[in-house]
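None of the figures in this text is laboratory data; all of them are computed from the coordinates on show. The shown structure was predicted, so the numbers you read here are calculated from the model rather than taken from an experiment. Heads up, the Cβs are rebuilt from the backbone with ideal geometry, glycines too, and the neighbour counts pull from every protein chain shown.
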Amino acid sequence: MQKSELIFDGNEKQIFATDDSTKVIISYNDVTLAFNSIKRAVFKGKGVLDNHISAALMGELNRNGVKTHFIEEVGDNEQLCYKVELIPLILCVRNRIAGSLSTLLGVEEGMKPVNTIYDLRLNNTRKADPLINDHHAVALGIVSYQELQGMYAVAEKVNDILKPFLAKAGIELVDIKLEFGRKVDTGEIIISDEISPDTCRFWDIKTGNILDKDRFRKDLSDVVASYKEVYDRVSKIREA
Ligand code: C5P
């Protein structure tokens with residue numbers, strides 16, 4: 001696969017065209033952003049780990065019949081993916097209440113609800129990714145009700161696959177952020193973006209230790225070491 005021109009230059013990733021108009025190469029770098037891009041840092045080695053972890057988790061989804069944009073890793077920090085038109089929505093699945101939701105609901109971080117929580121946001125950093133509902137998303141012409149139903153069903157399946165998969169690695173999937181896109185050739189809606197410690201909350205099942213981007217948000221040490229811990233544990237269960 002021949003890598004050609006840069007088509008998207010984001011803070012945390014670059015996207016390159018390839019000689020196949022339906023595929024792109026996504027390159028992960030070491031930049032980390034939080035709080036709507038207000039907080040920024042560079043962690044050497046993070047991009048490679050995000051690439052490997054996202055590849056492993058999206059690969060697990062692909063193998064279990066959930067369609068994602070991920071095809072294969074083509075370098076230490078690069079992966080070949082299907083080209084999509086991103087749907088500007090963020091769908092979070094939460095097994096525990098943490099982060100922005102604990103602030104919104106005024107409950108202590110870590111509370112385990114009786115249900116699985118799904119929340120929908122508009123993917124718009126300038127507006128701080130506002131929480132919206134299904135009717136807003138349809139009113140804005142972003143998706144149809146039927147498409148949204150399909151996205152919620154896929155999100156449930158993702159959680160049902162990754163929760164036990166990560167548990168085998170001693171990692172609790174506290175929450176996960178999903179983004180979807182439409183394949184440029186068929187229009188089919190598939191999982192896009194990334195699934196990594198940058199986009200999920202991962203807690204050590206035994207100790208409750210934070211193994212994700214909250215280490216950066218909360219100014220805790222060992223950000224890269226924690227991502228490496230996730231990668232090593234996931235690799236081990238994949239080899240087993
Ligand atoms: O901060 P909040 O609790 O809303 O985040 C829920 C999950 O979604 C966390 O795992 C967080 O890392 C992820 N997230 C993300 N990108 C955003 C917002 C949240 O990856 N723009």
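Quick notes
- For segment 85-222, the Kirkwood estimate of the hydrodynamic radius, built from every pair of different alpha carbons, is 15.9 Å.
- At R0 = 45 Å, FRET efficiency that the Cβ-Cβ distance of ASN115 and ASP19 yields, to 0.05: 0.45
- Stokes-Einstein D (µm²/s) once Rh is taken as the Kirkwood radius of segment 123-204 over alpha-carbon pairs, at 10 °C in 1.306 mPa s: 110 µm²/s
- Scaling against 2.2 N^0.38 Å puts the C-alpha radius of gyration of the chain at 0.97.
- Rg/Rh for segment 3-84 (Cα atoms only, Rh after Kirkwood) is 0.99.
- Label sites at TYR145 and ASP9, each approximated as a point 7 angstrom past Cα along Cα to Cβ, lie 4.4 nm apart.
- Of the residues ASP175, ASP214, ASP19, the one that moves most in a GNM of the chain with alpha-carbon contacts below 10 Å is ASP19.
- Among residues other than GLU109 with Cβ under 12 Å from its Cβ, the summed charge is +3 (Lys and Arg +1, Asp and Glu -1).
- Between TYR152 and LEU86, the contour length at 0.36 nm per residue exceeds the alpha carbon distance by 22.1 nm.
- Scalar couplings 3J(HN,Hα) for segment 144-155, obtained by applying the Karplus form with A = 6.51, B = -1.76, C = 1.60 to θ = phi - 60°, are 8, 4, 5, 5, 4, 4, x, 5, 5, 5, 5, 4 Hz; x denotes Gly and Pro.
- Cubic angstrom per residue, convex hull over Cα atoms of segment 83-147: 121 Å³
- Short-range pairs are left out: with C-alpha atoms under 8 Å and at least six residues apart, the relative contact order of the chain is 18 percent.
- Computed over neighbours whose Cβ is under 10 Å from that of ASN95, the net charge equals +3, Lys and Arg +1, Asp and Glu -1.
- Extension gain, MET1 to ARG63, is 20.1 nm, computed as 0.36 nm per intervening residue step minus the present C-alpha separation.
- Bins of 5 Å from zero: percent of alpha-carbon pairs in segment 25-163: 2, 8, 14, 16, 21, 22, 13, 4, 0
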